[in-house]
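The values are calculated or read from the model by the stated rules, or taken from the named source; none is laboratory data. Being a predicted model, the structure only gives us computed values, none of them experimental. We place every Cβ from the backbone using ideal geometry, glycine too, and count neighbours over all the protein chains shown. In case anyone asks, the SASA skips ligands and DNA or RNA and just uses the protein heavy atoms, side chains included. Shrake-Rupley method; radii C 1.70, N 1.55, O 1.52, S 1.80 Å.
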Amino acid sequence: MGGFAAIGECMIELSGANGDQWRMGFAGDTLNTSWYVRALTDADFAVDYVTAFGDDPFSLKQRTFLAENGINTAHSPVITGARPGLYAITLTDAERSFTYWRNDSAARHLGDDPHALALSLDGRKIIYFSGITMGILSPKSRQNVLNAVSNARRQGTLVAFDANYRPRLWENAETAKQALIDAYHVADIALPTFPDENALFGDATPEETAARIASYGVREIVVKDGTEPALVVAGDQQSRVPAVRANAVDTTGAGDSFNGGYIASRLAGLEPVDAAARAHRVAARVVEFHGALAPMGEARKAFSS
């Protein structure tokens, strides 16, 4: 099959509130990254989103939306009687907070069928997943995902992982730590965010974050830190790559779009430092739009500027 596959949850997004009027879209951390990988790669490069869908009208809208934007869904199952999760974005200036309704989300079952999951990931050039992917799953499904990713990696697929720690998804911090460490152990590329790692692991600096993740066997690490420079560690090289100034109106998709820009850059053959610089340009443009998904054309302009 080749191409790129991301694993996670596509949610209904309510954004851009104007009084009691909201704009409905679709988003979710790994979906957002898939959106930007789709935008920044050639049209004939396969991009698949591996999840689970309900059988309600909103789930049908999800699948139609993805197909219309060139994102396939591989062997993602349809769960009878299930429906999508939902979240609303509340903004204070450009900074966002979220309210979630996701307990009955169909995506919580994306790892229940190991055979379908293996088919979805077979033969990929690169697979991407996150700590949110892990956090929404039952322990058994979580292990199914790790097994499928690890099996694909043994067959030559690269694996990228962003811990994206969200305390509300986890029963306790110790469970989260172990699950994220397990995920790092099957990753070739790590794309963590320093404040998340500091909150869970107590890292004092991005350098401490990178050293800890390297101890799990990860060869390529980019530690994001908001508007601060990203720390890029690849082999014996460490570099700080400055962020790009933006007129931000909504930071919802900043880290996810950075990840998409970075992965697309590496797929195009750029070295890690150059890939991080392009990723910063993409993220800076994305935060100038409301919602997680900026127009693909705008992302492409930033990527190639």
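What does DSSP give for the range 1-154 in terms of the percent of beta bridges that are antiparallel, rounded to the nearest 5? Percentage antiparallel, nearest 5: 50.
Rolling a 1.4 angstrom probe over the chain with all protein chains present gives an accessible area of which 49% lies on carbon and sulfur atoms. Amide hydrogen proximity for Arg166: with H placed 1.01 Å from N in the peptide plane, no residue at 5 or more positions away or on another chain lies under 5 Å. Students often forget the sequence filter, so: which lysines lie under 25 Å Cα-Cα from Lys224 once same-chain residues fewer than 8 apart are removed? Output for Lys224: Lys125, Lys177, Lys301. Per residue, the accessible area of the range 176-305 comes to 39 Å² when a 1.4 Å probe rolls over the protein heavy atoms. Amide H contacts of Val78 (H built 1.01 Å from N, in plane; Pro and chain starts excluded): Phe53 sit under 5 Å, all sequence-distant by 5 or more or on other chains.
When the dipole is taken about the Cα centre of the chain, and only Lys, Arg (+1) and Asp, Glu (-1) are charged at their Cβ, what size is it in debye, to the nearest 20? If you can, show how the numbers build up before the last one.
Values: 28 positive and 36 negative charges, 78 e Å.
About 380 debye.
Helical content of the chain, expressed as a calculated mean residue ellipticity at 222 nm, amounts to -12000 deg cm²/dmol (DSSP H runs of 4 or more residues, -39,500 (n - 2.57) each, divided by residue number, nearest 500).
The largest accessible area among Lys301, Lys224 belongs to the first residue in Lys301, Lys224, and the rest follow in falling order (1.4 Å probe, all chains).
When the Cα positions of His280, Gly235, Phe303 are compared along the charge dipole of the chain, Phe303 comes out farthest toward the positive end, with charges on each C-beta of Lys, Arg, Asp and Glu.
Less than 5 angstrom separates the built amide H of Val47 from those of Phe4, Asn72, all sequence-distant by 5 or more or on a different chain. Overall, the range 10-138 carries a charge dipole of about 40 debye about its Cα centre when +1 sits on the Cβ of Lys and Arg and -1 on the Cβ of Asp and Glu, all other atoms neutral. Each residue of the range 75-84 is assigned a 3J(HN,Hα), and the resulting list reads 9, 4, x, 9, 9, 4, x, 8, 8, x Hz, derived from the Karplus form 6.51 cos²θ - 1.76 cosθ + 1.60 (θ = phi - 60°), x at Gly and Pro.
For Asn151, what charge total do you get from the other residues with a beta carbon under 14 Å from its beta carbon, if Lys and Arg give +1 and Asp and Glu give -1?
Values: positive: Arg124, Arg153, Arg154; negative: Asp122.
Once positives and negatives cancel, what remains is +2.
Residues Leu117, Leu293 ordered from highest to lowest accessible area at a 1.4 Å probe: Leu293, Leu117. In the range 102-144, the alpha-carbon atoms span a convex hull of 74 Å³ per residue.
Here the Debye sum runs over all C-alpha atoms of the chain as equal scatterers in vacuum, and log10 of I(q)/I(0) at q = 0.06, 0.08, 0.09 Å⁻¹ comes out as -0.17, -0.30, -0.39. Solvent-accessible area per residue in the range 48-175 equals 47 Å², computed with a 1.4 angstrom probe and all protein chains kept. Couplings 3J(HN,Hα) for the range 159-165, derived from phi with the Karplus relation 6.51 cos²θ - 1.76 cosθ + 1.60 (θ = phi - 60°), are 10, 10, 9, 10, 4, 6, 5 Hz, where x marks Gly and Pro.
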